1. Within the range B:132-167, how many residues turn out to be of a type in the set (Ser, Thr, Tyr), part of a strand (DSSP E or B) and within 18 Å of A:VAL39 (Cβ to Cβ)?
2. Having 2 or more residues that are modelled with pLDDT of 85 or more, of a type outside the set (S, T, N, Q) and under 25 Å from A:ILE53 (Cα atoms) is the bar; report the strands (runs of 3 or more DSSP E) wholly within the range B:1-117 that clear it.
3. Tell me, please, whether a residue that is facing another protein chain (nearest Cβ under 10 Å), out of contact with any Gly (no Cβ under 9 Å at 6 or more places or on another chain), surrounded by fewer than 13 Cβ atoms within 10 Å (Cβ to Cβ) and without any contact (Cβ under 8 Å) to a residue 40 or more places away in the chain can be found in the range B:127-149.
4. Among the strands (runs of 3 or more DSSP E) confined wholly to the range A:287-351, which include 2 or more residues that are of a type outside the set (Lys, Arg) and under 25 Å from A:ASN239 (Cβ atoms)?
5. Is it the case, given these coordinates, that A:THR301 is touching a residue at least 24 places away in the same chain (Cβ under 8 Å), in contact with an Asp or Glu (Cβ under 6 Å, 6 or more places away or on another chain) and more than 30 Å from A:ALA86 (Cβ to Cβ)?
6. If A:THR125 satisfies every condition in (1) surrounded by fewer than 21 Cβ atoms within 10 Å (Cβ to Cβ); (2) within 17 Å of the chain's Cα centre (by Cα); (3) touching a residue at least 40 places away in the same chain (Cβ under 8 Å) but one, which is the exception?
7. Could you tell me which numbered condition A:GLU171 fails, if it satisfies all but one of (1) crowded, with 18+ Cβ neighbours inside 10 Å; (2) modelled with pLDDT of 90 or more; (3) within 20 Å of A:ALA238 (Cα to Cα)?
8. For the range B:47-91, enumerate the residues that are of a type in the set (Gly, Ala, Ser) and touching a Phe, Trp or Tyr at 6+ places or on another chain (Cβ under 6 Å).
Amino acid sequence: MTRSTQLLGAVSAFALIAMSSAPAMAEGIAAGTVVTNTVEVDYQVGGVVQDTIEATNTFTIDRRVSVDVEYVGATGVDAGTPFEVAPGQTTAAFAFDVTNFSNAAIDLDLNAALPVNTNSRASITQVFVDNDNDGTFSAGDTVDFASDMAADETRRVIVVVSVANTALDAETFQVDLNANAFEVNTMTAGGTGTEIEESASDTTGIDTALVDGDTGFSFDADRDGSDTDRAFAEVSAANVSVIKSSVVISDPVNNTTNPKAIPGAVIRYCIAVSNSGGGAPATNIAISDALPGEVDFNTGTIRRNTDVSIAAGVATCDITTGTTATDDVVDADGGQFDSGVVSGSLNNVGFDESLGFTFDVTSIPAVDDRTDSSTTVSETDDNDTPD
Amino acid sequence: MKTLNFVFATALVAAAPMAPVIAQENATASSQAEPKVSLKSDVMAIITSTDETGNQTTSLEEPKEYTPGTKLSFGMNYSNSGTEAATNVTGTNPLNAAVRLAPDADPALLVSVDGGNTFGTLDRLSVPTENEGTRAATHGDVTHVRWTIASIAPGESGRIGFPVIIR
């Protein structure tokens, strides 16, 4: 007769707790370890103790290759909060942790991709292993590969992405980082190495099994010795709009009571800059207003950063707020009048905010000939969305 | 990798001091009752599969890989080709440090957590802690496994095994 006994417990739940009691050999016993199992069997015949029998069995621990990639957030290499990038940001840094969960040392080939890239605004400029953990590429950091990763070792990898300054608010892109297992110390800078592959057959030596899972991301498959994780990014741009309005403050006949735009009337311009973008402030705002020949600039009337009320498309600057600026070209007060042009700057305009720039002029000729002045507003850092 | 089996004392000789007859492999003429217990240890992979109805079944298969986390069955194939029953058959199996006893091992299994000095069921054993106290022993603490077969009848063969997991 033949019988087979597997000494299994009927209830396994109670024992699951015991799993955690294993000694700290996190990702397992090293490949190549020879394991010998020896059994000594004693028995009796007719009540008489017989010689002990011994039987052994030997196997070699195979190599289990597993790689893990985890997105850990955008690092503060450039200004901006995680996930949010600004147009023109050339060093948006996406940080990933790559871990060798194999039971042997390996090299890792690192590849980044942009599986989603609205209007191709983003481009990958560099993938490096941040060996000194300073968040930026520096001497000693390796590009595109990690060498001699010990079992259980984790390294920080940074994917540097450049965002076009034409990127629009709310445009999105995704950054994938893939780490693929290569034979240890076979990869060289700019070169290639030997990719680790699953052993084709079962041998008495060290075989290799690729045991990582499929994360569903690009260039990742089940049990391929590589892993991918994905970062999601969104462009957060200022969306700047400008309204210029004018109101007659007084005229020589009516003074300030129901003044008319007759020659000699004082007209107040209000230039309102608003930001309705995705959260990024509009910065470095420069205003330039070339006055028409029919008006004279009223010295000392420039006010910057005033509160603004906008109603029915008409902006009104509150001249009790903000600060005055002299007309002097050379000072640094952010406003001046020179050669028929009023110019100046505004503070940063945050999301859903407006700031005003106001000045007064006096009408010289016949009212019928008066024309509007021409205003331009610019941001020198391109941190906005063209209107 | 493949396993290598080394089997000692396959042709069992009745214990010399107590048995007056020296058994021989082909001593067919002898009418002396003699047990011939042979052993062959093996390592099998424990494969759990689930059928369409959700029932789980486990089977033992030739291992394809020996990687950390792989669940194996350390087994002993025995047979008694003699003419008398072998009784009180006890196997003592030191666990290699590369493996730990699997959590679904039979709770009635006699184990040791102190290098084979004392044996008992796991729930009755404890191990010292760093601060000179003790805690309940767990599967990972097991250093030896001991199994018993009351009797192997003449002509009987079988396999006895217990589950382990590669650390």
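1. Of the range B:132-167, the ones of a type in the set (Ser, Thr, Tyr) are B:134, B:138, B:143, B:148, B:151, B:157.
Pick out the ones that are also part of a strand (DSSP E or B) and you get B:134, B:148, B:151, B:157.
Keeping just the survivors that are within 18 Å of A:VAL39 (Cβ to Cβ) gives B:148, B:157.
So the count comes out to 2.
2. Details: elements: B:4-7, B:37-50, B:56-61, B:71-80, B:86-94, B:99-101, B:110-112.
Those strands (runs of 3 or more DSSP E) span B:37-50, B:71-80, B:86-94, B:99-101, B:110-112.
3. yes
4. Details: elements: A:295-297, A:303-311, A:314-318, A:335-338, A:341-346.
Fully inside the range A:287-351 and qualifying: A:303-311, A:314-318, A:341-346.
5. On the way: touching a residue at least 24 places away in the same chain (Cβ under 8 Å): yes; in contact with an Asp or Glu (Cβ under 6 Å, 6 or more places away or on another chain): yes; more than 30 Å from A:ALA86 (Cβ to Cβ): yes.
Against the criterion (touching a residue at least 24 places away in the same chain (Cβ under 8 Å), in contact with an Asp or Glu (Cβ under 6 Å, 6 or more places away or on another chain) and more than 30 Å from A:ALA86 (Cβ to Cβ)), A:THR301 qualifies.
6. Among (1) surrounded by fewer than 21 Cβ atoms within 10 Å (Cβ to Cβ); (2) within 17 Å of the chain's Cα centre (by Cα); (3) touching a residue at least 40 places away in the same chain (Cβ under 8 Å), the lone unmet condition for A:THR125 is (3).
7. That leaves (2) as the condition not met.
8. Just the residues of the range B:47-91 that are of a type in the set (Gly, Ala, Ser), to begin with: B:49, B:54, B:59, B:69, B:73, B:75, B:79, B:81-82, B:85-86, B:91.
Passing the criteria: B:ALA86, B:GLY91.
The values are calculated or read from the model by the stated rules, or taken from the named source; none is laboratory data. Since this is a predicted model, take the numbers as computed values, not measurements. Cβ atoms come from the backbone with ideal geometry, glycine included; neighbour counts cover every protein chain shown.
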